[in-house]
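Asker: Have a look at this one before I ask anything.
The values are calculated or read from the model by the stated rules, or taken from the named source; none is laboratory data. These numbers come from a predicted model, not from an experiment. Positions of Cβ are backbone-derived with ideal geometry, glycine not excepted, and every protein chain shown enters the neighbour counts. For accessibility, only protein heavy atoms count, side chains too; no ligands or nucleic acids. Shrake-Rupley method; radii C 1.70, N 1.55, O 1.52, S 1.80 Å.
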Amino acid sequence: MPGLNLTIVIPAYNEELRLPVTLERIAEFVANRNSSTEVIVIDDGSTDRTVAIAESFQTRIPQLRVLSNERNRGKGCSVRHGSLEAQGDNVLFTDADLSAPIEEGEKLLAALKTHDVAIGSRAVDRSLIDVHESPFREFAGSVFNKIVRIVLQLPFVDTQCGFKAFRRERCRIIFEQQTIERFGFDPELLFLARFHGLSISEVPVRWAHSPATKVNMLRDSIQMFLDVFVIYWNALLGRYVRAKQDVPNTQLTS
């Protein structure tokens, strides 16, 4: 599909209830844009009507593709799958519940004019949060962010917002080298972006917590903490390979 400006990637697992409203809003967003946009829904082994619902929107969104993982592998795997399949100049991934309104994507695309990566952030300007998480979730998120900042030397105040955009060709290598397949994948993408010398902008966005979130506070939080050290270990063992054209970066390269 030549001339595509943007690919929107939506990872989806058992999203038959939330996906219709999300795709309606994205259809309106795509129709109102001045440049061509494709939408990719990645089904992560759903057992409900997620695929059928997504395919039913192909008349509303002409450049909509519905792709599937062979089984349930995790959000990180779905984002990687969609980003590597994308054909737009820019790639934006968003949660299936649109916790960040899709219109906020224009902020990220504006940032991509001067940066390689633009990440939506809830922590830069908390006045933009319409619905907060529970105090416990916010506390856990703060602790996780501090660990990420210390262990991986990432300077960002919110790595976990599910709303990020990338210049496709420049950033393809970070998805090719991504190894984390579940909810801990965001810090790995950002670590890889810095490792490869890519520029990153953290952009405040409007956001509203969805009570139907798929993140299990106990199981997924433990796995995410472990994933931080997997990333650190991968870097120490030289499992991330720098391309010849990369700008040198000194972080965690032994």
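Asker: Which one is nearest to Gln177 (Cα to Cα) among residues in region 79-116 that are touching a residue at least 12 places away in the same chain (Cβ under 8 Å) and among the basic types (Lys, Arg)?
Answerer: Arg80
Asker: Take the conditions touching a Phe, Trp or Tyr at 6+ places or on another chain (Cβ under 6 Å) and either under 16 Å from Asp116 (Cβ atoms) or open to solvent by less than 50 Å² (accessible area, probe 1.4 Å) (or both) and apply them to Val151. Does it pass?
Answerer: Yes, satisfied.
Asker: Can you give me the number of residues within region 6-40 that are touching a strand residue (DSSP E or B) at 6+ places or on another chain (Cβ under 8 Å) and of a type in the set (D, E, K, R)?
Answerer: Selection size over region 6-40: 2.
Asker: Can you run down the residue pairs with Cβ atoms below 8 Å, 6 or more apart or on separate chains, where the first is in region 54-68 and under 15 Å from Ala12 (Cα atoms) and the partner is open to solvent by 60 Å² or more (accessible area, probe 1.4 Å) and in a loop (DSSP other than H, G, I, E, B)?
Answerer: Pairs that qualify, where the first residue is under 15 Å from Ala12 (Cα atoms) and the partner is open to solvent by 60 Å² or more (accessible area, probe 1.4 Å) and in a loop (DSSP other than H, G, I, E, B), are Leu64/Gln58; Val66/Gln58.
Asker: Any idea which of (1) in contact (Cβ under 8 Å) with a residue 12 or more places away in the chain; (2) not in a loop (DSSP other than H, G, I, E, B) is the one Ser142 doesn't satisfy?
Answerer: Only one criterion in (1) in contact (Cβ under 8 Å) with a residue 12 or more places away in the chain; (2) not in a loop (DSSP other than H, G, I, E, B) is unmet by Ser142, namely (1).
Asker: While we're on this one: Of all residues in region 51-71, which are more than 10 Å from Val39 (Cβ to Cβ) and touching a Ser or Thr at 6+ places or on another chain (Cβ under 8 Å)?
Answerer: Val51, Asn69
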